[in-house]
Amino acid sequence: MKMLHLALMVGWLYVIGLAAGALLAKRVPVFSLGKAVVIGSGLLGLFFIEHVHGLGDLRIAYPLLFVLACVILIKNRGEVWGWMKKDHAFFIGFAWAFFWRNASPDINTGTEHITCMFFIANYARGSTLPPPNLWLAPFVFDCYYAFQHYAAALLSRIFSIGPGFAYNLAFPLVFGYAASLVWETTAYHTRSKTFAYVLMAAVLLGASGVIPFIEWLRTPEFKDWPVIASMRFIGSAELRTTIAPFFAGGGREIMSYPLESFGYTLIIGDYHPPVSALLVLIMYAASMLLWLRERNKQIYVYAMSLSVPLSLLCNAWIFPLIVITYTGWLLYCWRAKEPIPWGVAIGSLGLGFLLAYPFLSYFALNSLGTPIKWVPWSQKSPFLLILLQNWPVIIMVALLAFKKENRLFAWYVMAAYVLLMIVSESLYVKDGMGGENIRINTGMKWLAWIYLFGYLMAAWLAYGIKNKAVRIVLYAAILVPSLAHAYYLVPHYKAFYVSDNKGKLDGTAWLTNDKVVADMLQYLKDAPDGTVLEHVAADNFTPGAALSSFALKPVYIGWPMHLFTWGKGWGLLKQRKDAMLAFYKGEQPDPADWLLRNRIRYVVWSPRETNYDAFKKLKPALERDYYWKDFNGNPDAPVGIWVRR
């Protein structure tokens, strides 16, 4: 039944996608691009509407949108099979990401799993935006660019699934859209299905240039897995001993940040903002390519222009990069005397930012102050490291020097890539991180975006160069790192993705395999709304606050350090953290009064709580205002929830 349920959801999403693509199919020859433009515009419009009034539960959308989609497809029934063949790569990308998420679907304390699920949970209740901050009741969630998590939460609201299930469904959905866009754009432009499959696979794998050389870089102390280390080459601790001699001296340190490609985010399992930002980048690059070759240019200008505000919503870090390339494109049009449909460009930009304005009005005010600074000499990437990580795209971009057709545009791509790399090594966004992590967020967001932009544009343009040697070099630059990456995926899968929780897509099995915890979670899901107190034993990466998030209940305080990183004041966070810890130690002078003053309705005493002396102090102190709901029947090791009377 679980697989039938999943199949119905995926089938519904695919039918809705087909109908969305049908709306632009006569104007856009790449069906998946038209689909992306319609869905992106629709999501942005809905995001705007819910800032005016939250729509709450969206189960009614399931039959209504399905009927509407069927009407559209029936009217175009002669074209549907052709669209499905064009869009078949969606299932390849979806299946690839689903294979990994289904193998190990737990949304646990590893990396950013819990935080990404928490973002989805904030939006899953359908409140007027900004939504309640489920990790800092009763404040609102107003400090993070979480558009992709809003979109994932729509799945939760339409299908009545938990935020964990929505997380594990949204991940392969994004990969499906990315695969379809890359494959169909490549096949249409190059007329080579083989090259389209090769490029699509390379984008989904997301290999870096380091991976083919990983065996030569190993040291006896090397412990990091090759797939991960190759992405973190500029900051992999295990590789520092090997590469240090190549750039010793000069007072430079080795930075610590990974290349957040599709492959890295999938292997790590984080449904992190770079995922959707890269998807928007593919839509943006495909629109730019088709603008170059098609006569009906207005729709592509609309898509390119809409990608600018969409990128800001999906991943604010890369906004300067898309502005640079968009401005560069305008300069190219001026230099090449290409007419620009200014009405469409300005109208699309204006519409996008207008729809984004309600979000930006509070996001800009409540986020961390992030001035752009010059990169200090000690934090610049040594040239050898840049070369090793980026040699595939450097070679591909360099091949454009041989291009004769659309030569000026090829030079625009080369200049844009070089400029972006110079910018990434000259400037960074100061976000409060220090030491070797001073560029961590700027680096891992910018480098992945720059890599994919240069990679796609160079691959599409270089394939048209009528030179056998160029074609061989192009294939080699794509296949060598991709095949090496694929080779190391097998042991990586065996080491990390053989899980007893396979197929449990709600992501809670790491908690609910304990029947007592499963009962507690279900109780919180069914209970009336109210603030929960959980024991958050560490500043981050702790099970504390997980139950509340999965249950869509606000918690008194979540992970303090993450909340601080997202812009909340440390004074408030420290006060709440200290008060919460004092409660679980039994050191609150009047615990019942403290709970009532903070309007806490539920107090979780989980199996992790072993301070039974504190429990003995708390139980009589709380019994007047809170009743004890026991879940394990063991008075010597109690587990349960105090509930406000």
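What number goes with the only condition from (1) within 30 Å of Trp460 (Cβ to Cβ); (2) open to solvent by less than 10 Å² (accessible area, probe 1.4 Å); (3) among the small types (Gly, Ala, Ser) that Ala121 does not pass?
In the conditions (1) within 30 Å of Trp460 (Cβ to Cβ); (2) open to solvent by less than 10 Å² (accessible area, probe 1.4 Å); (3) among the small types (Gly, Ala, Ser), Ala121 misses (1) alone.
Restricting to region 616-631, count the residues that are over 16 Å from Leu524 (Cα atoms) and either under 40 Å from the mean Cα position of the chain (by Cα) or of a type in the set (Lys, Arg) (or both).
4
Could you list, in sequence order, the residues of region 481-501 that are outside any loop (DSSP other than H, G, I, E, B) and of a type in the set (A, V, I, L, M)?
Leu483, Ala484, Ala486, Leu489, Val490, Ala495
Find the residue count for region 133-153, including only residues that are closer than 20 Å to Pro274 by Cβ and either open to solvent by 20 Å² or more (accessible area, probe 1.4 Å) or touching a residue at least 60 places away in the same chain (Cβ under 8 Å) (or both).
Number of matching residues: 10.
In region 526-558, how many residues are over 13 Å from Ala137 (Cα atoms) and either within 26 Å of the chain's Cα centre (by Cα) or crowded, with 18+ Cβ neighbours inside 10 Å (or both)?
Matching residues across region 526-558 total 13.
Looking at region 371-402, which of the residues that are part of a loop (DSSP other than H, G, I, E, B) and not polar (S, T, N, Q) is nearest to Leu217 (Cα to Cα)?
So the residue we want is Pro382.
For Lys26, indicate whether it is out of contact with any strand residue (DSSP E or B) (no Cβ under 8 Å at 6 or more places or on another chain), part of a loop (DSSP other than H, G, I, E, B), free of Cβ contacts under 8 Å to residues at least 12 places away in the same chain and open to solvent by 20 Å² or more (accessible area, probe 1.4 Å).
Criteria met by Lys26.
Results for (1) in a helix (DSSP H, G or I); (2) open to solvent by less than 20 Å² (accessible area, probe 1.4 Å), shown as yes or no for each residue.
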{"position": "Met3", "(1), (2)": "yes, no"}
{"position": "Ala36", "(1), (2)": "yes, no"}
{"position": "Ser41", "(1), (2)": "yes, no"}
{"position": "Phe47", "(1), (2)": "yes, yes"}
{"position": "Leu55", "(1), (2)": "no, no"}
{"position": "Arg59", "(1), (2)": "no, no"}
{"position": "Leu65", "(1), (2)": "yes, no"}
{"position": "Cys70", "(1), (2)": "yes, no"}
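Name the single residue that is least open to solvent (accessible area, probe 1.4 Å) among those in region 156-208 being under 30 Å from Ser548 (Cβ atoms) and not in a helix (DSSP H, G or I).
It comes out as Ile161.
Find the residue count for region 559-584, including only residues that are open to solvent by less than 30 Å² (accessible area, probe 1.4 Å) and in a helix (DSSP H, G or I).
Result for region 559-584: 10.
Restricting to region 627-645, and then to whatever is in contact (Cβ under 8 Å) with a residue 24 or more places away in the chain and not in a loop (DSSP other than H, G, I, E, B), can you tell me which residue is most open to solvent (accessible area, probe 1.4 Å)?
Selected residue: Arg644.
Looking at Ala415, Ala458, which is the one that is under 26 Å from the mean Cα position of the chain (by Cα) and outside any loop (DSSP other than H, G, I, E, B)?
When all the criteria are applied, what remains is Ala458.
The values are calculated or read from the model by the stated rules, or taken from the named source; none is laboratory data. Predicted, not measured: the structure shown is a model, and the values here were computed from it. Glycine also receives a Cβ, built like all others from the backbone with ideal geometry; neighbour counts cover every protein chain displayed. Heavy atoms of the whole protein, side chains included, go into the accessibility calculation; ligands, DNA and RNA do not. Shrake-Rupley method; radii C 1.70, N 1.55, O 1.52, S 1.80 Å.
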